[in-house]
Structures are given as C-alpha cells and as structure tokens.
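The values are calculated or read from the model by the stated rules, or taken from the named source; none is laboratory data. No experiment lies behind these values; they were computed from the predicted model shown. Here the Cβ positions follow ideal geometry from the backbone for every residue, glycine too, while neighbour counts run over all protein chains shown.
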C-alpha cells in the first residue's frame, strides 16, 4: 500500500516538474490562470517581471533628440542633436554606472510618449512631457532668444536599422 | 548608439511629413509664440496645490 502512495506521489511530482517546464515556454492567458488559481505551476520570469509584447516594436531602442530655432525667424530650424541615445555598455558599467537610473527614467518617459495614441493630443503639462522637455533644455542649453523642439525616435536592430519618428513635440522656450 | 547622418536625414523627412499631417504648431510662424517651460511647470504646480474655497 505504501508503495502505491509513493508511486502516486512520485508521479505527481514528475507531472508538476514537466508542467513547470512546459509553462516556461508558453503564454498563459487569463483563462489559464483561473485554472491554476493557486499558482501550483510556476512561471519563472526572473528579471523580466512583465511579459514582453509579441509585436516587434517592443524591442525598439528609444532616442531623444532636440533642435533649436531662433524665435520668430523664418527658415529652417537647426539640426537635430542627440540628448539621449541607447548607451553602448562596457565592462566598466558593471561596476560604475551612476546615470543608469536617471537614463532609464528618461527612456521610460520617451517610451511613454512614443507609444501614446497619435489621435490623442499629449498634455504638455504632463510629467513625462515635462521631464523630457527639461532634459532637453539642460542637454542642449539654447540661448534665451531660441525655442526648442524635441522628438522621440525609435530604431530597430543594429545594422541598417529603420528609423521611426514616434513623437514630435511643440516648440518651447525656457 | 546615436543616429548617423543617413538616419538623421530619414528623420528629417518623417518630421516634415508629421508637420504636414498634423498641420500644427511646428511652422516658423508658431515659433513666434512657443509655450514656455516655466509656464508649464507653474501650471503643473498649480494643479497639484490643494484648493482652498
């Protein structure tokens, strides 16, 4: 009798292990989660707590660029200047990378604006907008007679990467 | 990795298309009266202040 219970327990453990392995490679919908309300079958996510979307643009690199123009002047504004771009990480960054969090915060704001609905106007007094605008003014430092505009741009991949303009701001003075 | 010259050129084209499509504030005329960062920050600050009736 004991052997029978031991065999059943062993089978249950093996089944749970097998289900856990399978679970790591599939996406569980809300219905699937209902079936496993006690989360007996784990889905390990480690560093990525939220599931990445399946669309290709979820892996885009985000850039923040700005340009300036003389207030009231006719003609073309100045060239686009990078304010924030995806950093090339070196081994040293593992030990010393003090701007990591501020950069991540700015990139999160850029992504928020970049993924906003184009049909819905963005509030310039919103936190993300103001954060980016302030970073641009600090990064570019235009004179008092100049206005500034920023753009959120996404690129995909490394070689011959496509460029997508995701958001273009209004013109601003300090 | 920053955008190179060719990518910046592509960006310029998209900016022009964006401005034409939105028909918005991004023309030279509108730069005469741009929104100020200080004004926006004040607006934000006022929105966060508690209302006293």
If you check residue A:126 against the conditions, is it surrounded by fewer than 11 Cβ atoms within 10 Å (Cβ to Cβ), closer than 24 Å to residue B:19 by Cα and at the interface with chain B (Cβ under 9 Å from one of its Cβ atoms)? no
Can you find even one residue in the stretch A:93-104 that is more than 11 Å from chain B (Cβ to nearest Cβ) and in contact (Cβ under 8 Å) with a residue 24 or more places away in the chain? no
Among what's in the stretch A:33-92 and is surrounded by fewer than 12 Cβ atoms within 10 Å (Cβ to Cβ) and within 14 Å of another protein chain (Cβ to nearest Cβ), pick the residue that is modelled with the highest pLDDT. A:79
Among (1) surrounded by fewer than 19 Cβ atoms within 10 Å (Cβ to Cβ); (2) more than 15 Å from residue A:66 (Cβ to Cβ) - the single one residue A:154 does not satisfy: (1)
Hey, residue B:1 hits all of (1) facing chain A (nearest Cβ under 7 Å); (2) modelled with pLDDT under 90; (3) within 19 Å of residue A:168 (Cα to Cα) but one; which does it fall short on? (3)
Residues of the stretch B:10-49 being over 13 Å from residue A:65 (Cβ atoms), modelled with pLDDT of 85 or more, surrounded by 13 or more Cβ atoms within 10 Å (Cβ to Cβ) and more than 7 Å from chain A (Cβ to nearest Cβ), which ones? B:19, B:39
